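In what follows, a structure is listed as structure tokens, so that the remarks can point back to it.
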Amino acid sequence: MNNKLLFSVLILIVGISGFSQGMLLPIIAIIFENDGLSSSLNGFHAASLYIGILLISPFMEAPLRKYGYKPLIIFGGITVILSLALFPVWKSFWFWFVLRFFIGIGDHTLHFATQTWITAISPKTKRGRNLAIYGLFFSLGFMVGPLMTKLLEINQSLPFIITSILSLLAWSAVFLIRNELPEQDDSESTSFLGTLKRFTKVSRIAWVAFLLPFTFGVLEASLNSNFPVFALRSGIDLTAVSIIIPAFSAGTLLTQIPLGMISDRFGRRKTLLTILFSGFAIFTLAGIYSYSVLGLFICFMFGGMMVGSTFSLGISYMADLLPRNLLPAGNLLCSIFFSLGSIGGPFFGGLVIEHIQGGNFFYMISIMLFLVFISLALFKEKMPASVM
């Protein structure tokens, strides 16, 4: 099969998945806020997506090994499209909670299959670049998605209907590609117990790589959900907040592919050590200049440029450390750690904002980055990277 066509279809699917997630978060938050729902219940509702991801993760490797990549992408696509289309049918907190839960399952299935497929077909010399393109398309979709909020002024159902149609059109491209099975050892079990055994083996070999998607989960979720609260309590107005937050994403988009290519050339470990230490310094400065709009804008921009690629580089590093037959389990653990970071980040960030004054919210982030930097610096690779 033509790998260029395959790669193009996979990043198209990932881009529209990012678009649907980027649309869903602000749309539902705005609708519930206008209905007078408390911020705590609104946040609890948003967590349903990550609950879906965590619950389905341990059960996804077996069907991938048995049926291949394409059936999982088809299942994930159908789940997301149907769930999006059902939102206008009945407006209810718990009905929407269940739909969001299933979108978490569907989106995660899509991401797991596409992410694992890309790592499997990418030679080591291009893996960083390819996964950076994968991350870039998701980020672009995620950034464009919130523009759908303008449609709420016309009709509350319109964003869900349009997004489900766009998802259907993009997802249908999967029928242009041929199914493949992941590489596996014939002696390996495809049972749930076999998956757990592979999780243990993968964790022994590449545990440090999973700290990177966890870090990105904490960053993305806490900067988007905790920072607005911190800013408003610090006297920074909403207009400034709406400018500062996108600066992180903009910085990420600027350097994602260059950093991926640099990691291909100079090594993943060296690149990661550099960006983690830079991130530690940048967010320490953000804590010092936590009441300056210009200071925070600059820190968010440079922070995105440095640590905004920790997810894609983390997956690349994980794939460097593992043999090909363990890539599905490794990709699953990356997703699980990202979800844990996405859930835990806002919780601990909220506690810091609630109980400690000043720029300590940013110091929490800088300390985390420094601890991951130390872990990576001390980490000894237990096996050579497999030849791809």
Exercise. Sorted by accessible area with a 1.4 angstrom probe, largest first, how do E61, E153, E220, E381 fall?
Worked result: E153, E381, E220, E61
Exercise. What ³J(HN,Hα) values, in whole Hz, does the Karplus curve 6.51 cos²θ - 1.76 cosθ + 1.60 give for the range 97-110 when θ = phi - 60°, with x put for Gly and Pro?
Worked result: 4, 5, 4, 5, 4, 6, 5, x, 5, x, 5, 5, 4, 4
Problem set entry | Packing-based order for 75-87, 240-252, using average beta carbon neighbours within 10 Å, highest first | 75-87, 240-252
Problem set entry | Residue-by-residue Karplus 3J(HN,Hα) for the range 293-302, coefficients 6.51, -1.76, 1.60, Hz, glycine and proline x | 4, 5, x, 5, 4, 5, 5, 5, 4, 5
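Could you pull out the pairs from K66/K380; K66/K201; K66/K126; K70/K150; K4/K197 whose alpha carbons sit more than 31 Å apart here?
Values: K66/K380 33 Å; K66/K201 20 Å; K66/K126 28 Å; K70/K150 34 Å; K4/K197 34 Å.
Violating the 31 Å Cα-Cα cut-off are K66/K380; K70/K150; K4/K197.
Let's see if you can work this out: charge +1 on each Lys and Arg Cβ, -1 on each Asp and Glu Cβ, no other charges. What is the dipole magnitude of the chain about its Cα centre, in debye to the nearest 20?
Numbers: 24 positive and 16 negative charges, 215 e Å.
The dipole magnitude comes to about 1040 debye.
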For this session: Taking only Cα atoms and a 10 Å spring cutoff, compute GNM fluctuations for the chain and point out the largest among P146, P123, P346.
Result: P123
Exercise. For the chain, what does -39500 (n - 2.57) per DSSP helix run (n ≥ 4), summed and divided by total residues, give at 222 nm, in deg cm²/dmol to the nearest 500?
Worked result: -27500 deg cm²/dmol
Problem set entry | In Hz, Karplus ³J(HN,Hα) per residue of the range 66-80 (6.51, -1.76, 1.60; θ = phi - 60°; x = Gly, Pro) | 7, 10, x, 6, 4, x, 5, 5, 5, 4, x, x, 4, 4, 5
Exercise. Which residues' amide hydrogens lie under 5 Å from the amide hydrogen of I177, considering only partners 5 or more residues apart or on another chain, with H built in the peptide plane?
Worked result: none
For this session: In nm, give the distance between the simple-model label positions of I78 and K66, each being 7 Å from the Cα along the Cα-to-Cβ direction.
Result: 1.5
Problem set entry | Rounded Å value of the spacing that divides the Cα centres of the range 323-373 and the range 218-266 | 15
Exercise. To the nearest 20 debye, what is the magnitude of the charge dipole of the range 232-329 about its Cα centre, counting +1 on the Cβ of each Lys and Arg and -1 on the Cβ of each Asp and Glu?
Worked result: 280
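Can you sort I236, I257 by solvent-accessible area, 1.4 Å probe, largest first?
Numbers: I236 10, I257 50 Å².
If we order I236, I257 from most to least accessible, we get I257, I236.
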Exercise. Where only protein heavy atoms count, and the probe is 1.4 Å, what is the accessible area per residue for the range 1-143 in Å²?
Worked result: 38
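Report the relative contact order of the range 17-174, percent, no decimals, based on alpha-carbon pairs under 8 angstrom and at least 6 residues apart.
Values: 164 pairs, mean separation 68.1, N = 158.
That works out to 43 percent.
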Problem set entry | Listed residues S290, S339, L327: farthest to the positive end of the dipole of the range 200-349 (Cβ charges) | L327
For this session: For I161 and R178, compute 0.36 nm times the residue count separating them, minus their Cα-Cα distance, and round to one decimal in nm.
Result: 3.2 nm
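What number, in percent, do you get for the relative contact order of the chain if the mean sequence gap of Cα pairs under 8 Å and at least 6 apart is divided by its residue count?
Values: 596 pairs, mean separation 97.8, N = 388.
Averaging sequence separation for qualifying contacts and normalising by length gives 25 percent for the chain.
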For this session: With volume of the Cα convex hull per residue in Å³ defined as stated, name the option among (i) 159; (ii) 203; (iii) 130 computed from the structure displayed.
Result: (iii)
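Please report, in debye to the nearest 20, how large the charge dipole of the range 246-388 is about its Cα centre when each Lys and Arg carries +1 at its beta carbon and each Asp and Glu carries -1 there. Walk me through the numbers on the way to the answer.
Details: 7 positive and 4 negative charges, 84 e Å.
Here the range 246-388 has a charge dipole of around 400 debye.
The values are calculated or read from the model by the stated rules, or taken from the named source; none is laboratory data. None of these values were measured; they are calculated from a predicted model. FYI the Cβ positions are ideal-geometry reconstructions off the backbone, even for glycines, and counts take in every protein chain you see. With ligands, DNA and RNA removed, areas are computed over all heavy atoms of the protein, side chains included. Shrake-Rupley method; radii C 1.70, N 1.55, O 1.52, S 1.80 Å.
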